[in-house]
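Just below is one structure, and these are the notes that go with it.
The values are calculated or read from the model by the stated rules, or taken from the named source; none is laboratory data. Every value quoted in this text rests on a predicted model; they were computed, and no experiment measured them. All Cβ positions, even for glycine, are placed from backbone atoms using ideal geometry, and neighbour counts span all protein chains on display. The protein model used for the area step is the full one, side chains on, heavy atoms only, and it has no ligands, DNA or RNA in it. Shrake-Rupley method; radii C 1.70, N 1.55, O 1.52, S 1.80 Å.
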Amino acid sequence: MERESNNALSDVLAQKGISRRNFLKFCTAMTGALALPSVYTPRIVKALEEAPKRTPVVWLEFQDCAGCSESFLRASRPTAGEVILDVLSVDYHETIMAASGHLAEEAKKMTTDAGGHLVIVEGAIPLAEDGLHCCIGGRTAIDILEEATAKAAAVIAVGSCATFGGVPKASPNPTNAVGVMELVKNVPVLNLSGCPVNVVNLTATVVHFLTFGALPAMDDLGRPLFAHGALIHDNCERRGHFDKGEFVTAWGDEGHRNGWCLYQMGCKGPIAYHNCPTVRWNDGLNWPVGGGHGCIACSEPDFWDRSVYEPVAIQEVAPPASFPPAQAEPEAMSSGSAATVGAVAGLVVGAVGAAAVVGRGGSEDQAEDQAES
Ligand code: SF4
(Lines give C-alpha, C1' and ligand atoms only; values in the text may rest on other atoms or scores of the structure.)
Protein backbone atom coordinates (compact mmCIF):
# COMPACT_ATOMS: atom_id res chain seq x y z
CA MET A 1 0.00 0.00 0.00
CA GLU A 2 1.41 3.36 -1.05
CA ARG A 3 1.43 6.03 1.61
CA GLU A 4 0.39 9.45 0.27
CA SER A 5 2.52 11.86 2.24
CA ASN A 6 4.51 14.08 -0.09
CA ASN A 7 2.32 17.14 -0.54
CA ALA A 8 3.80 20.28 1.05
CA LEU A 9 1.39 22.05 3.35
CA SER A 10 1.37 25.15 1.16
CA ASP A 11 0.11 23.03 -1.76
CA VAL A 12 -2.62 21.46 0.31
CA LEU A 13 -3.77 24.84 1.63
CA ALA A 14 -4.06 26.12 -1.92
CA GLN A 15 -5.95 23.01 -3.02
CA LYS A 16 -8.38 23.44 -0.15
CA GLY A 17 -9.04 27.07 -1.05
CA ILE A 18 -7.49 28.53 2.11
CA SER A 19 -6.31 32.06 1.31
CA ARG A 20 -2.89 33.23 2.43
CA ARG A 21 -4.57 35.92 4.50
CA ASN A 22 -6.56 33.33 6.44
CA PHE A 23 -3.49 31.15 6.80
CA LEU A 24 -1.55 34.05 8.33
CA LYS A 25 -4.44 34.79 10.68
CA PHE A 26 -4.41 31.14 11.72
CA CYS A 27 -0.65 31.24 12.41
CA THR A 28 -1.09 34.37 14.52
CA ALA A 29 -3.87 32.68 16.48
CA MET A 30 -1.69 29.60 17.02
CA THR A 31 1.15 31.78 18.33
CA GLY A 32 -1.28 33.17 20.90
CA ALA A 33 -2.73 29.74 21.72
CA LEU A 34 0.79 28.46 22.40
CA ALA A 35 1.45 31.45 24.70
CA LEU A 36 4.43 32.44 22.55
CA PRO A 37 5.48 36.06 21.87
CA SER A 38 4.30 37.40 18.51
CA VAL A 39 7.87 37.29 17.13
CA TYR A 40 7.35 33.55 16.73
CA THR A 41 4.57 33.98 14.17
CA PRO A 42 6.89 34.27 11.12
CA ARG A 43 8.73 31.15 12.28
CA ILE A 44 5.46 29.22 12.47
CA VAL A 45 4.42 30.50 9.03
CA LYS A 46 7.76 29.48 7.52
CA ALA A 47 7.82 26.07 9.18
CA LEU A 48 4.29 25.19 8.10
CA GLU A 49 4.63 26.54 4.57
CA GLU A 50 7.89 24.76 3.97
CA ALA A 51 6.95 21.48 5.61
CA PRO A 52 8.50 19.06 3.09
CA LYS A 53 5.99 16.27 3.53
CA ARG A 54 3.01 15.23 5.53
CA THR A 55 3.83 13.86 8.96
CA PRO A 56 2.54 10.29 9.30
CA VAL A 57 0.18 9.66 12.18
CA VAL A 58 -1.13 6.47 13.71
CA TRP A 59 -4.27 7.10 15.78
CA LEU A 60 -5.02 4.26 18.21
CA GLU A 61 -8.31 3.71 20.05
CA PHE A 62 -8.52 1.48 23.10
CA GLN A 63 -10.98 1.78 26.03
CA ASP A 64 -12.78 4.87 24.74
CA CYS A 65 -16.11 6.24 23.55
CA ALA A 66 -14.65 7.82 20.37
CA GLY A 67 -15.56 11.24 21.80
CA CYS A 68 -12.06 12.59 21.13
CA SER A 69 -12.33 11.40 17.51
CA GLU A 70 -15.65 13.25 17.35
CA SER A 71 -13.95 16.36 18.73
CA PHE A 72 -11.17 15.96 16.13
CA LEU A 73 -13.72 15.64 13.32
CA ARG A 74 -16.42 17.97 14.60
CA ALA A 75 -15.66 20.87 12.27
CA SER A 76 -18.08 21.23 9.40
CA ARG A 77 -16.38 23.89 7.32
CA PRO A 78 -12.76 23.99 6.12
CA THR A 79 -10.46 26.32 8.02
CA ALA A 80 -6.71 26.52 8.14
CA GLY A 81 -6.79 24.73 11.50
CA GLU A 82 -8.71 21.82 10.08
CA VAL A 83 -6.38 21.65 7.12
CA ILE A 84 -3.37 21.54 9.44
CA LEU A 85 -4.83 18.39 10.96
CA ASP A 86 -6.06 17.17 7.59
CA VAL A 87 -2.62 17.34 6.03
CA LEU A 88 -1.21 15.02 8.60
CA SER A 89 -1.02 11.67 6.89
CA VAL A 90 -3.37 9.73 9.14
CA ASP A 91 -2.29 6.27 8.09
CA TYR A 92 -4.39 4.42 10.64
CA HIS A 93 -7.56 5.48 12.45
CA GLU A 94 -10.13 2.77 13.06
CA THR A 95 -13.11 5.15 13.04
CA ILE A 96 -12.39 7.06 9.84
CA MET A 97 -10.09 4.99 7.64
CA ALA A 98 -11.47 3.42 4.48
CA ALA A 99 -9.30 0.34 4.74
CA SER A 100 -10.18 -2.57 6.98
CA GLY A 101 -8.80 -5.91 8.06
CA HIS A 102 -5.35 -6.89 6.77
CA LEU A 103 -5.09 -3.79 4.56
CA ALA A 104 -5.51 -1.53 7.58
CA GLU A 105 -3.02 -3.50 9.65
CA GLU A 106 -0.55 -3.36 6.74
CA ALA A 107 -0.83 0.44 6.56
CA LYS A 108 -0.15 0.72 10.27
CA LYS A 109 2.81 -1.61 10.17
CA MET A 110 4.36 0.21 7.21
CA THR A 111 4.21 3.48 9.15
CA THR A 112 5.40 2.15 12.49
CA ASP A 113 8.27 0.18 10.89
CA ALA A 114 9.49 3.32 9.08
CA GLY A 115 9.52 5.31 12.34
CA GLY A 116 9.56 9.06 12.94
CA HIS A 117 5.76 9.16 13.09
CA LEU A 118 3.34 10.63 15.61
CA VAL A 119 1.18 8.29 17.66
CA ILE A 120 -2.09 9.71 18.96
CA VAL A 121 -3.80 7.54 21.54
CA GLU A 122 -7.44 7.75 22.56
CA GLY A 123 -8.70 5.55 25.40
CA ALA A 124 -7.23 3.79 28.40
CA ILE A 125 -5.25 0.55 28.34
CA PRO A 126 -6.45 -2.36 30.52
CA LEU A 127 -3.74 -4.37 32.26
CA ALA A 128 -5.89 -6.98 34.05
CA GLU A 129 -5.92 -10.55 32.67
CA ASP A 130 -2.78 -9.76 30.64
CA GLY A 131 -4.69 -7.09 28.73
CA LEU A 132 -7.46 -9.35 27.42
CA HIS A 133 -10.19 -6.76 28.15
CA CYS A 134 -9.21 -4.81 25.03
CA CYS A 135 -8.07 -6.73 21.95
CA ILE A 136 -8.03 -5.60 18.32
CA GLY A 137 -7.21 -8.00 15.49
CA GLY A 138 -6.42 -10.66 18.08
CA ARG A 139 -3.79 -8.55 19.87
CA THR A 140 -4.00 -6.73 23.18
CA ALA A 141 -3.91 -2.96 23.50
CA ILE A 142 -0.65 -3.39 25.43
CA ASP A 143 1.03 -5.14 22.47
CA ILE A 144 -0.38 -2.73 19.89
CA LEU A 145 0.76 0.32 21.87
CA GLU A 146 4.23 -1.09 22.40
CA GLU A 147 4.71 -1.84 18.70
CA ALA A 148 3.27 1.46 17.49
CA THR A 149 5.42 3.60 19.81
CA ALA A 150 8.74 1.73 19.51
CA LYS A 151 10.09 3.96 16.68
CA ALA A 152 7.74 6.94 17.10
CA ALA A 153 8.95 10.54 17.29
CA ALA A 154 6.40 11.37 19.97
CA VAL A 155 3.14 10.21 21.50
CA ILE A 156 0.14 12.46 22.14
CA ALA A 157 -2.41 11.01 24.56
CA VAL A 158 -5.78 12.70 23.97
CA GLY A 159 -8.68 12.83 26.40
CA SER A 160 -9.02 11.84 30.02
CA CYS A 161 -8.95 8.08 29.36
CA ALA A 162 -5.64 7.98 27.47
CA THR A 163 -4.01 10.46 29.83
CA PHE A 164 -5.12 9.44 33.32
CA GLY A 165 -7.36 6.38 32.80
CA GLY A 166 -10.63 8.36 32.73
CA VAL A 167 -13.95 6.57 33.00
CA PRO A 168 -12.48 3.03 32.53
CA LYS A 169 -10.25 3.67 35.57
CA ALA A 170 -13.16 4.84 37.76
CA SER A 171 -13.43 2.96 41.02
CA PRO A 172 -13.27 -0.02 41.35
CA ASN A 173 -11.39 -0.08 38.03
CA PRO A 174 -12.26 -3.70 37.20
CA THR A 175 -9.94 -3.91 34.17
CA ASN A 176 -7.00 -2.18 35.90
CA ALA A 177 -7.07 0.55 33.24
CA VAL A 178 -4.14 2.97 33.01
CA GLY A 179 -3.12 5.94 30.89
CA VAL A 180 -0.45 5.87 28.17
CA MET A 181 2.31 7.42 30.27
CA GLU A 182 2.17 4.43 32.64
CA LEU A 183 3.37 2.19 29.80
CA VAL A 184 5.34 4.27 27.29
CA LYS A 185 8.71 5.24 28.70
CA ASN A 186 11.03 5.26 25.66
CA VAL A 187 9.34 8.07 23.70
CA PRO A 188 8.19 11.58 24.79
CA VAL A 189 4.53 11.49 25.82
CA LEU A 190 2.34 14.57 25.96
CA ASN A 191 -1.02 14.51 27.73
CA LEU A 192 -3.91 16.52 26.33
CA SER A 193 -6.43 15.77 29.04
CA GLY A 194 -10.09 16.77 29.05
CA CYS A 195 -13.26 14.93 28.17
CA PRO A 196 -13.09 15.16 25.23
CA VAL A 197 -9.84 16.73 24.03
CA ASN A 198 -10.29 20.24 22.63
CA VAL A 199 -9.29 20.18 18.95
CA VAL A 200 -7.77 23.67 19.29
CA ASN A 201 -5.23 22.32 21.77
CA LEU A 202 -4.50 19.31 19.55
CA THR A 203 -3.99 21.62 16.57
CA ALA A 204 -1.68 23.91 18.57
CA THR A 205 0.36 20.91 19.76
CA VAL A 206 0.74 19.65 16.18
CA VAL A 207 1.72 23.14 14.99
CA HIS A 208 4.34 23.34 17.75
CA PHE A 209 5.70 19.92 16.77
CA LEU A 210 5.86 20.81 13.07
CA THR A 211 7.45 24.19 13.80
CA PHE A 212 9.99 23.36 16.49
CA GLY A 213 10.41 19.63 16.00
CA ALA A 214 9.53 18.99 19.63
CA LEU A 215 6.58 18.83 21.97
CA PRO A 216 5.69 21.99 23.92
CA ALA A 217 6.74 22.59 27.54
CA MET A 218 4.71 20.52 29.99
CA ASP A 219 3.62 20.54 33.61
CA ASP A 220 4.35 17.78 36.10
CA LEU A 221 1.45 15.72 34.69
CA GLY A 222 2.83 15.88 31.16
CA ARG A 223 0.26 18.45 29.98
CA PRO A 224 1.26 21.39 27.76
CA LEU A 225 1.55 24.56 29.81
CA PHE A 226 -0.03 26.64 27.05
CA ALA A 227 -3.30 24.75 27.66
CA HIS A 228 -2.99 23.65 31.28
CA GLY A 229 -0.85 26.34 32.91
CA ALA A 230 -3.64 28.24 34.66
CA LEU A 231 -6.68 27.45 36.77
CA ILE A 232 -10.09 27.66 35.14
CA HIS A 233 -11.16 29.66 38.21
CA ASP A 234 -8.63 32.38 37.36
CA ASN A 235 -10.04 32.97 33.87
CA CYS A 236 -13.74 32.38 34.48
CA GLU A 237 -16.22 35.08 33.53
CA ARG A 238 -18.14 34.35 36.76
CA ARG A 239 -15.07 35.01 38.93
CA GLY A 240 -16.25 38.53 39.82
CA HIS A 241 -19.33 37.00 41.42
CA PHE A 242 -17.15 34.57 43.38
CA ASP A 243 -15.10 37.47 44.70
CA LYS A 244 -18.28 39.34 45.67
CA GLY A 245 -19.78 36.31 47.38
CA GLU A 246 -22.58 35.95 44.85
CA PHE A 247 -23.32 32.25 44.46
CA VAL A 248 -25.94 30.12 42.75
CA THR A 249 -27.56 27.97 45.47
CA ALA A 250 -30.23 26.18 43.43
CA TRP A 251 -30.57 25.41 39.73
CA GLY A 252 -32.75 28.06 38.15
CA ASP A 253 -32.63 30.50 41.08
CA GLU A 254 -32.12 34.21 40.59
CA GLY A 255 -28.33 33.90 40.85
CA HIS A 256 -28.33 31.16 38.22
CA ARG A 257 -30.42 33.31 35.89
CA ASN A 258 -28.03 36.21 36.47
CA GLY A 259 -24.83 34.26 35.78
CA TRP A 260 -23.48 34.13 39.34
CA CYS A 261 -20.72 31.84 40.53
CA LEU A 262 -21.41 28.07 40.52
CA TYR A 263 -18.96 27.21 43.30
CA GLN A 264 -21.62 26.14 45.78
CA MET A 265 -23.21 23.94 43.10
CA GLY A 266 -19.98 21.96 42.97
CA CYS A 267 -17.99 23.80 40.30
CA LYS A 268 -14.45 22.37 40.18
CA GLY A 269 -12.94 25.36 38.40
CA PRO A 270 -10.79 26.16 41.46
CA ILE A 271 -8.87 22.87 41.12
CA ALA A 272 -8.88 22.39 37.33
CA TYR A 273 -6.03 23.52 35.09
CA HIS A 274 -7.37 24.03 31.57
CA ASN A 275 -7.88 26.79 29.01
CA CYS A 276 -11.60 26.02 28.59
CA PRO A 277 -12.71 29.59 29.50
CA THR A 278 -10.50 31.17 26.83
CA VAL A 279 -10.50 28.60 24.01
CA ARG A 280 -14.08 27.36 24.57
CA TRP A 281 -15.87 24.94 22.24
CA ASN A 282 -17.69 24.97 18.92
CA ASP A 283 -15.51 27.65 17.33
CA GLY A 284 -15.28 29.51 20.64
CA LEU A 285 -19.04 29.74 21.05
CA ASN A 286 -19.37 28.66 24.67
CA TRP A 287 -18.13 26.35 27.41
CA PRO A 288 -19.81 24.38 30.24
CA VAL A 289 -19.62 27.11 32.92
CA GLY A 290 -20.79 29.67 30.36
CA GLY A 291 -23.77 27.39 29.71
CA GLY A 292 -24.72 27.33 33.40
CA HIS A 293 -23.15 24.07 34.66
CA GLY A 294 -20.17 23.89 36.97
CA CYS A 295 -16.84 22.60 35.75
CA ILE A 296 -16.35 18.87 36.54
CA ALA A 297 -12.53 19.06 36.32
CA CYS A 298 -12.38 16.53 33.50
CA SER A 299 -8.80 17.64 32.82
CA GLU A 300 -7.64 16.35 36.23
CA PRO A 301 -6.74 12.78 37.27
CA ASP A 302 -9.53 10.68 38.81
CA PHE A 303 -12.23 13.25 37.98
CA TRP A 304 -14.81 10.50 37.60
CA ASP A 305 -14.43 9.49 41.28
CA ARG A 306 -15.06 13.04 42.52
CA SER A 307 -18.59 14.08 43.55
CA VAL A 308 -19.89 16.40 40.82
CA TYR A 309 -22.07 18.53 43.08
CA GLU A 310 -19.91 18.80 46.24
CA PRO A 311 -17.96 22.06 46.55
CA VAL A 312 -14.19 21.57 46.62
CA ALA A 313 -11.73 23.04 49.08
CA ILE A 314 -9.74 25.82 47.42
CA GLN A 315 -6.25 24.88 48.51
CA GLU A 316 -6.46 25.73 52.21
CA VAL A 317 -9.03 28.52 51.82
CA ALA A 318 -12.72 27.97 52.55
CA PRO A 319 -14.58 30.66 50.61
CA PRO A 320 -18.09 30.04 51.96
CA ALA A 321 -16.83 30.97 55.43
CA SER A 322 -14.99 33.98 54.07
CA PHE A 323 -17.91 35.48 52.22
CA PRO A 324 -21.34 36.68 53.27
CA PRO A 325 -24.04 34.02 52.83
CA ALA A 326 -24.83 33.48 49.17
CA GLN A 327 -28.50 34.18 49.93
CA ALA A 328 -27.72 37.68 51.24
CA GLU A 329 -28.70 40.53 48.98
CA PRO A 330 -25.60 42.47 47.95
CA GLU A 331 -27.43 45.66 48.92
CA ALA A 332 -27.64 44.45 52.51
CA MET A 333 -23.91 45.12 52.82
CA SER A 334 -22.39 48.53 52.86
CA SER A 335 -20.37 49.21 49.76
CA GLY A 336 -17.28 49.53 51.92
CA SER A 337 -17.66 46.17 53.63
CA ALA A 338 -18.50 44.42 50.36
CA ALA A 339 -15.45 45.88 48.69
CA THR A 340 -13.25 44.90 51.63
CA VAL A 341 -14.53 41.31 51.73
CA GLY A 342 -14.20 40.99 47.99
CA ALA A 343 -10.73 42.48 47.88
CA VAL A 344 -9.35 40.37 50.74
CA ALA A 345 -10.89 37.18 49.43
CA GLY A 346 -9.75 37.99 45.93
CA LEU A 347 -6.21 38.60 47.14
CA VAL A 348 -6.11 35.36 49.13
CA VAL A 349 -7.55 33.24 46.36
CA GLY A 350 -5.53 35.04 43.72
CA ALA A 351 -2.33 34.56 45.68
CA VAL A 352 -3.04 30.87 46.15
CA GLY A 353 -3.77 30.49 42.44
CA ALA A 354 -0.67 32.43 41.46
CA ALA A 355 1.49 30.38 43.82
CA ALA A 356 0.08 27.21 42.34
CA VAL A 357 0.88 28.36 38.82
CA VAL A 358 4.39 29.52 39.73
CA GLY A 359 4.93 26.23 41.52
CA ARG A 360 4.08 24.44 38.29
CA GLY A 361 6.83 26.10 36.36
CA GLY A 362 5.45 29.27 34.75
CA SER A 363 3.97 28.77 31.33
CA GLU A 364 5.52 31.38 29.08
CA ASP A 365 9.11 31.01 30.22
CA GLN A 366 9.11 27.26 29.80
CA ALA A 367 7.27 27.43 26.52
CA GLU A 368 9.85 29.90 25.22
CA ASP A 369 12.75 27.85 26.55
CA GLN A 370 11.46 24.73 24.87
CA ALA A 371 10.69 26.60 21.68
CA GLU A 372 14.21 28.02 21.61
CA SER A 373 15.74 24.61 22.14
S1 SF4 B 1 -16.07 28.50 41.12
FE2 SF4 B 1 -16.52 27.92 38.98
S3 SF4 B 1 -18.16 29.34 38.30
FE4 SF4 B 1 -17.25 30.21 40.17
S5 SF4 B 1 -15.68 31.61 39.41
FE6 SF4 B 1 -14.65 29.65 39.83
S7 SF4 B 1 -14.66 28.55 37.87
FE8 SF4 B 1 -16.19 30.23 37.70
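For residue 151, a cut-off of 23 angstrom between C-alpha atoms picks up these lysines, skipping any fewer than 8 places away in its own chain: 53, 108, 109, 185.
Report residue 64's accessible area, 1.4 Å probe, all protein chains in place, as a number in Å² to the nearest 10. Spelled out: residue 64, probe radius 1.4 Å, area about 50 Å². With R₀ fixed at 30 Å, the C-beta to C-beta distance from residue 305 to residue 185 puts the FRET efficiency at about 0.70.
Considering amide H positions built from the backbone, and no H for Pro or chain starts, which residues 5 or more places from residue 90, or on another chain, come under 5 Å of its amide H? HN-HN under 5 Å from residue 90: 57.
Counting only lysines at least 8 places from residue 244 when in the same chain, those with an alpha carbon closer than 24 Å to its own are 268.
Go ahead and run the numbers for FRET between residue 25 and residue 146, Cβ-Cβ distance against an R0 of 56 Å, rounding to 0.05.
Details: r = 41 Å, r/R0 = 0.73.
With R0 = 56 Å, the Cβ-Cβ based efficiency is 0.85.
All other residues with a Cβ under 15 Å from the Cβ of residue 259 taken together, and with Lys, Arg as +1 and Asp, Glu as -1, what is their net charge? Result for the local shell: -1.
Seen through its C-alpha gyration tensor, with square-root eigenvalues sorted a ≥ b ≥ c, segment 9-228 comes out prolate because a/c lies at 1.5 or above while a/b is bigger than b/c. Heavy-atom accessible area, probed at 1.4 angstrom with all protein chains present, ranks 208, 102 as 102, 208, highest first.
Among all the lysines, which ones have a C-alpha under 23 Å from residue 46's C-alpha, if same-chain residues fewer than 8 places away are not counted? Partners found: 16, 25.
Calculate, for residue 235 and residue 214, the FRET efficiency according to 1/(1 + (r/R0)^6) with r their C-beta to C-beta distance and R0 30 Å; round to the nearest 0.05.
Numbers: r = 27 Å, r/R0 = 0.89.
Efficiency computed from Cβ-Cβ geometry: 0.65.
Here each label is just a point 7 Å from Cα along the line to Cβ, and for residue 98 and residue 114 those points are 1.8 nm apart.
Between residue 73 and residue 279, the simple label model (points 7 Å from Cα in the Cβ direction) yields a spacing of 2.1 nm.
Given 0.36 nm per residue, what is the gain on full extension from residue 257 to residue 136 after removing their alpha carbon distance, in nm?
Working: separation 121, 0.36 × 121 = 43.56 nm, distance 4.82 nm.
Result for the pair: 38.7 nm of gain on full extension.
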